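Some notes on the structure that comes next.
The values are calculated or read from the model by the stated rules, or taken from the named source; none is laboratory data. Predicted, not measured: the structure shown is a model, and the values here were computed from it. Cβ placement follows ideal geometry from the backbone for every residue including glycine, while neighbour counts extend to all protein chains displayed.
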Amino acid sequence: MKRIYETIIKEHLAEHQQMLFLAGPRQVGKSTLCLAVAKLTDRFLYLNWDNLIHRKIILRGETEILPLIKFDTLSEHKPIIVFDELHKYKDWKNYLKGLYDVYKGKIHFIVCGSAKLDIFRRGGDSLMGRYLLYRVHPLSVKEVIEPTVNLDLISKPQIADPELLNRLLQQGGYPEPFIKDNSRFSNQWRQLRFQQLFREDIQSLEKINSIAQLELLAEILCEQAAGTLNYRSLANDIRVSEDTIKRWINVLSQFYYCFRIQPWSKNVKRSLLKEPKIYLWDWSLVRDPGDKIENLVAGHLLKAVHLWTDLGLGKFGLHYLRDKDKREVDFLVSRDNSPWFMVEVKSSANKSISSNLSYFSEQLDTEYALEVVYDLEYVAKDCFTNKEPLRVPLSTFLSQLC
């Protein structure tokens, strides 16, 4: 199936010389996207560090690589080299730096991996300025309906198969189980992916003394998703220190098992600095039905803020709201460090809209405040038109995001 990232990759190769980095969870479709790039050139090379033959070619360097892409042959198209899972090579950054500095503008480089690619953006990065990062997410409502890039941020509402939202909720947004839409297959797929993630990816790159305890933490997070992280409680449950729990949560985040959102604290009266809330990249793993719906929305919003940021449309962030009086709103999306819109998630509609939306809307002067409701039928009207708090169908709202 067509992905929104196909257009992003094609436009990047046409407009930029920097290396293209694709980062995202295992099995989200990065390798498939990279292999599809072969149609753009007659000189294409795909190298996967996990393949022993490919690994030998990588380590032998340009003397082995250049003949394979027919570098000295006249062609209308630049060669494209894809390095998959190269982050597992200890000296991968210096390796890429050496190739890029010599062949910048002559070869397109694409680097993809299931971890580590976006955590080296801080100071001391030897690749700084040499690449642009795009984060690949699971499928979303908008991407399934129309996999196109919208530079206006918010799309017009688009009707979809009424079963699409429930299918995404139950099967998750990873392409293979979503396409097959078979619960038995999905269960088998999740079990295999879990084993590969912990027994291959994490164990090969991180010093974890007890991988079984890390797996237990991951299982517990399936029950606590959409809740506030309590490091002390988790430490007691797993019988390790709080510092160990924090380090393990960082590891799980780096490998795209879970993600955290921080509370927004600017300009909120009686605000409290709370622990982050935790969500899973694969929301289908969440046990509680209501929490699963909230996690699905969190996944869609995270995809939107990542894509808008990666495309250079501004600096976007995802937060939640809570003050000392325990007033809370599930999500706040910020734009260029200012509140933009709020989202409160409901499985079904109550008699009146959440009063917290009105309160925080006045406090933060957000452009929009939306109560999105799962069981409301789709309405073909733009959710982002009313400054006052508004109740909208979840299917309509999600069809307007990325």
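So, in the range 189-227, of the ones that are under 12 Å from Val251 (Cβ atoms), of a type in the set (D, E, K, R) and in contact (Cβ under 8 Å) with a residue 40 or more places away in the chain, which residue ends up surrounded by the most Cβ atoms within 10 Å (Cβ to Cβ)?
Asp201
Right, Leu169: touching a strand residue (DSSP E or B) at 6+ places or on another chain (Cβ under 9 Å) and not in a loop (DSSP other than H, G, I, E, B) or not?
No.
Residues in the range 378-402 that are closer than 20 Å to His306 by Cα and of a type in the set (Phe, Trp, Tyr): how many?
2
From the list Asp365, Asp330, which residue is at positive phi, charged (D, E, K, R) and in contact with a strand residue (DSSP E or B) (Cβ under 8 Å, 6 or more places away or on another chain)?
Exactly one residue qualifies, and that residue is Asp365.
So which strands (runs of 3 or more DSSP E) are wholly in the range 250-331 and hold at least 3 residues that are in contact with a Ser or Thr (Cβ under 8 Å, 6 or more places away or on another chain)?
So the answer is 258-263, 316-322.
For the range 6-27, give me each residue that is farther than 18 Å from Val149 by Cβ and not in a strand (DSSP E or B).
Within the range 6-27, Gln17, Gln18, Pro25, Arg26, Gln27 qualify.
Of all residues in the range 360-375, which are outside any loop (DSSP other than H, G, I, E, B) and of a type outside the set (Asp, Glu)?
Across the range 360-375, the qualifying residues are Phe360, Ser361, Gln363, Leu364, Tyr368, Ala369, Leu370, Val372, Val373.
Just checking, does the range 140-159 include any residue being at pLDDT 95 or above and of a type in the set (Asp, Glu)?
Yes, the range 140-159 contains a residue that is at pLDDT 95 or above and of a type in the set (Asp, Glu).
For the range 156-176, which residues satisfy the criterion of being within 12 Å of Glu377 (Cα to Cα) and surrounded by 15 or more Cβ atoms within 10 Å (Cβ to Cβ)?
Answer for the range 156-176, where residues must be within 12 Å of Glu377 (Cα to Cα) and surrounded by 15 or more Cβ atoms within 10 Å (Cβ to Cβ): Ala160, Leu165.
More than 19 Å from Leu398 (Cβ to Cβ) and in contact with a Leu (Cβ under 9 Å, 6 or more places away or on another chain), is that true of Leu205?
Against the criterion (more than 19 Å from Leu398 (Cβ to Cβ) and in contact with a Leu (Cβ under 9 Å, 6 or more places away or on another chain)), Leu205 does not qualify.
So which of Trp264, Trp283 is touching a residue at least 24 places away in the same chain (Cβ under 8 Å) and under 21 Å from Gln170 (Cβ atoms)?
Only one candidate qualifies: Trp283.
Is the range 14-34 home to any residue that is surrounded by fewer than 21 Cβ atoms within 10 Å (Cβ to Cβ), of a type in the set (A, V, I, L, M) and more than 26 Å from Glu176 (Cβ to Cβ)?
Yes: one or more hits.
Which residue out of Leu398, Leu357 is part of a helix (DSSP H, G or I), in contact with a Pro (Cβ under 7 Å, 6 or more places away or on another chain), hydrophobic (A, V, I, L, M, F, W, C) and at negative phi?
Leu357
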